[in-house]
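The values are calculated or read from the model by the stated rules, or taken from the named source; none is laboratory data. Being a predicted model, the structure only gives us computed values, none of them experimental. Note that each Cβ is placed from the backbone with ideal geometry, even for glycine, and that neighbours are counted across all protein chains shown. To get the accessible areas, we keep the full protein, side chains included, count just its heavy atoms, and leave off ligands, DNA and RNA. Shrake-Rupley method; radii C 1.70, N 1.55, O 1.52, S 1.80 Å.
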Amino acid sequence: MLTLCAVTLLLVCPASSVTQDSEDVHPPTRTYLMSLWHNRLYLYTAAALSCGLWLSLKMVLKRHNLSSEDVSLVKTAERSSHQSRKEMEVHVSGVKIFYGSQTGTAKGFAQELCDEVKTLGLPAEVIDMKDYDPDDQLADECAGKAVCVFLVATYTDGQPTENAQWFCKWLEEASTDFRYGKTFLKGLRYAVFGLGNSVYVGHYNTVGKNVDKWLWMLSGMRIMTRGEGDCNVVKSRNGSVQADFLSWKATFLRRLQALVEGEKKSCSGKCKTGGSCKGKKRDGQQPEEEEEDEEAPLQSHSSEEDLMESSSDEDESGLQEKKSAAVVDVEDLGNIMSSVKKAKSKEELQGNGHMVKLSRVKEIGDEGERREMITPALRNALTKQGYKLIGSHSGVKLCRWTKSMLRGRGGCYKHTFYGIESHRCMETTPSLACANKCVFCWRHHTNPVGTEWRWKMDPAEKILEDATEKHQNMIRQFRGVPGVKPERYEEGLAVKHCALSLVGEPIMYPEINTFIRLLHHQNISSFLVTNAQFPQEIRSLVPVTQLYVSVDASTKDSLKKIDRPLFKDFWPRFLDSLRALGEKRQRTVYRLTLVKAWNVEEMLAYSELIALGQPDFIEVKGVTYCGESSASTLTMANVPWHQEVVAFVQQLADMLPQYEIACEHEHSNCLLIAHTKFKVGGEWWTWIDYERFQELVKAHEESGGQQSFSALDYMAKTPRWALFGAREQGFDPADTRFQRRNKTKDISGC
């Protein structure tokens, strides 16, 4: 390169300098220099070309080096960023280990698992189920990234251990309660290990299986197959319950480590419809290779869901009823008979069984020949729904408002309107049968139907005795439950009110008057609800604390569409029942259930029905949607908002000169219109003086019915917070309002 520069400098020298020095240079050299001078143009071109090539090559090499360095830096930065994100992203925040233990085995396993989890660098916590409030806390586990482990033992007769009873009871009820919804625990990751003894074949690991099932029904996601420890060393897979737990624990820890590292599902979930994917799994469902142990319980979920529902006047269910339900209504037997008459050929093939049932319905002889109302299939269905059955035709169930008030979370609308103590109220019925098949039935028509009493009959004394005992037993299950107030627990054991509105038509029970008298003899108030299809029974009814008539529609067509009564003369019966109600001197109530798009536009007709019966009070309540059912076309679109109910009530009250809006219970989507005779000195007296009522009804009984009394004789002043327009909107300030997760407003009613 230096030579090239020298030649270039020489070539650019002026000609004069060459000439001046030529005398000092030898002739050959001079000839050479002269030759270069004359060919300088070619030399200039060659030099310029060489410089250009060299500079170009230099720039190319420099760019290549820079590009390599940039790529290396970018890759280094990406790796650093990815590692940083990976370190920052937490897939598992910790492990919560719940135990239900009677002898301490499950508790020991829980502590052992906790220590193992901590060695992995994860926080872990052991929780005694009796100290944990699932109603308040379990839903919060869905939002966090904790993994919940349930180590539960099965105790006597397949029951939970003492410290797990409330947790399991809550979980069972929540899994069948439409107010919680099927996705209430979506996002909860859990694993279950059950402890049992296969010697007890019918109850082996029942609690573990149930907890697993209930969590799954609420959309919890299993992170692994349920484990089962067997105390029977003969049949234990690993030789002992401890060895079973160690095997399960090892699998759990491996699965936990995979979750910590952010392991995802093996299937993207984008398989074509109708295709098969062994790795595909939904929330809470195991892939095919992990489902072997779960197959039996999971297959039974659908049938159990169809039958299990929480039902009462205050406690409804939103579970579906399939067309293949095993319970057959009495009304349907008539349809079967019609089909038999139309197709005699089919009668010979399949009619024998039906004809036997029909003949038993039609032939009514002595008491011993009558059949029981509660058939085995019906008993099984109602038991799964949470009913405590009494004898052959009665039942009792704990209302959700009873549970709520035990915990200081408010009472039902009857507490707001009439001063009932919800935690001391027993909800029962002496007749599970009904004469209607209402579209909003909370039982989805699993209860029997009929137009008259055709069954065996239990004595009223036995029904009341068993109902009180079973109710008290259900209250006792709340002893020590987190949040339950001790003073209310003690009060709840003494029944003060009885709501005869659980299910069916209580006025159908032939001994209903005896039953009511027994209630009053025990200083228990009586609230009886009838569907206005039995006017003679209403007239012959002895005085009750408060008598309700359900007025679900105001015209013949809409009543037929909504209540779907069995009687062909249902409309005359309905009107006559309202007239019979107007003849009563004690407190009477119309209960209006508003179904949007079905009966809310019948304002004038409603006012005419109110004028017919002249009730003391009118309860107006938005319909409760209790879930999809093949027996009803009701949807959430038919449920009016509270503001819509208020607007309806205001318009209705304007059409009734002797009535005004008195009270409101926003939480139940319910309002009370009261007769102005209960407004004394500008103040409402809609509450009930229960002690005074007991005195009056006792005097009435002792006088053989000669000493009568009226609704105005046992009224009490309504507190300010219960009045319409109050800031509390009917919620007792002595209690604390509680909203469930993701529930901004409860429009379901009570």
**Prompt:** Pulled fully out, how much extra length does the chain show between GLN651 and GLN137, if you take 0.36 nm times their separation in residues and subtract their Cα-Cα distance?
**Reply:** 180.8 nm
**Estimated distance in nm for a label pair at ARG371 and SER198, the labels positioned 7 Å out from Cα along Cα-to-Cβ** = 4.1 nm
**Request:** Please work out how much length the chain gains when fully extended from ARG579 to GLU452, using 0.36 nm per residue of separation minus the C-alpha to C-alpha distance, in nm with one decimal.
**Result:** 43.6 nm
**Request:** Work out from phi, with θ = phi - 60° and the Karplus expression 6.51 cos²θ - 1.76 cosθ + 1.60, the ³J(HN,Hα) of each residue of the range 218-230, listed in order in whole Hz, and give x for Gly and Pro.
**Result:** 8, 6, x, 10, 5, 9, 6, 5, 4, x, 9, x, 10
**Asked** Ordered by residue, what ³J(HN,Hα) values in Hz, to whole numbers, does the range 153-158 give under the Karplus form 6.51 cos²θ - 1.76 cosθ + 1.60, where θ = phi - 60° and Gly and Pro are x?
**Response** 9, 9, 9, 4, 6, x
**Request:** Report the calculated FRET efficiency for GLU469 and LYS561 (r = Cβ-Cβ distance, R0 = 45 Å), to the nearest 0.05.
**Result:** 0.65
**Request:** Normalising by the residue count of the range 105-164, find the relative contact order in percent from Cα pairs under 8 Å and 6+ residues apart.
**Result:** 35 percent
**Item:** Virtual paramagnetic centre 7 Å along Cα→Cβ of THR119, amide N under 18 Å, in the range 222-247
**Value:** 242-247
**Fill in**
Counting only protein heavy atoms with a 1.4 Å probe and every protein chain in place, the carbon and sulfur fraction of the accessible surface of the range 130-272 in whole percent equals 50 percent
**Fill in**
Computed ³J(HN,Hα) along the range 523-532: with the Karplus parameters 6.51/-1.76/1.60, θ = phi - 60°, integer Hz and x for glycine or proline, the list is 6, 10, 6, 10, 10, 10, 10, 10, 8, 6
**Prompt:** Which whole-angstrom value gives the distance between the alpha carbon centres of the range 467-510 and the range 127-187?
**Reply:** 23 Å
**Message:** Heavy atoms of the protein only, probe of 1.4 Å, neighbouring chains included. What is the accessible area of ASP157 in Å², nearest 10?
**Reply:** 110 Å²
**Request:** Could you check the simple spin-label distance between VAL90 and ASN232, using points 7 Å along Cα→Cβ, in nm with one decimal?
**Result:** 4.4 nm
**Asked** Counting only residues 5 or more places away or on other chains, whose amide H sits under 5 Å from the amide H of GLU427 once H atoms are built in the peptide plane?
**Response** LYS397, CYS399, ALA499
**Item:** Positive-end residue, the range 93-181 charge dipole about Cα centroid, Cβ charges, pick of THR176, VAL95, ASN163
**Value:** VAL95
**Item:** In Å², nearest 10: area of THR225 left accessible to a 1.4 Å probe
**Value:** 30 Å²
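Mind ordering 212-222, 40-50, 371-381 by average Cβ neighbours within 10 Å, highest first?
Numbers: 212-222: 22.5, 40-50: 12.1, 371-381: 17.2.
Per-residue Cβ counts within 10 Å, averaged per peptide and sorted highest first, yield 212-222, 371-381, 40-50.
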**Item:** Amide hydrogen neighbours beyond the local backbone of VAL449, cut-off 5 Å, H modeled
**Value:** VAL330, GLU331, CYS434
**Asked** Can you work out the FRET efficiency for the pair ALA605 and ALA699, with r the C-beta to C-beta distance and R0 = 51 Å, to the nearest 0.05?
**Response** 0.80
**Potential extension, ASP157-ARG720 segment - 0.36 nm per residue separation minus Cα distance** = 197.7 nm
**Item:** Test item: Cα-centred dipole of the range 390-544, Lys/Arg +1 and Asp/Glu -1 on Cβ, debye
**Value:** 580 debye
**Message:** Check which residues have an amide H placed less than 5 Å from ASN669's amide H, if you skip close sequence neighbours.
**Reply:** GLY749
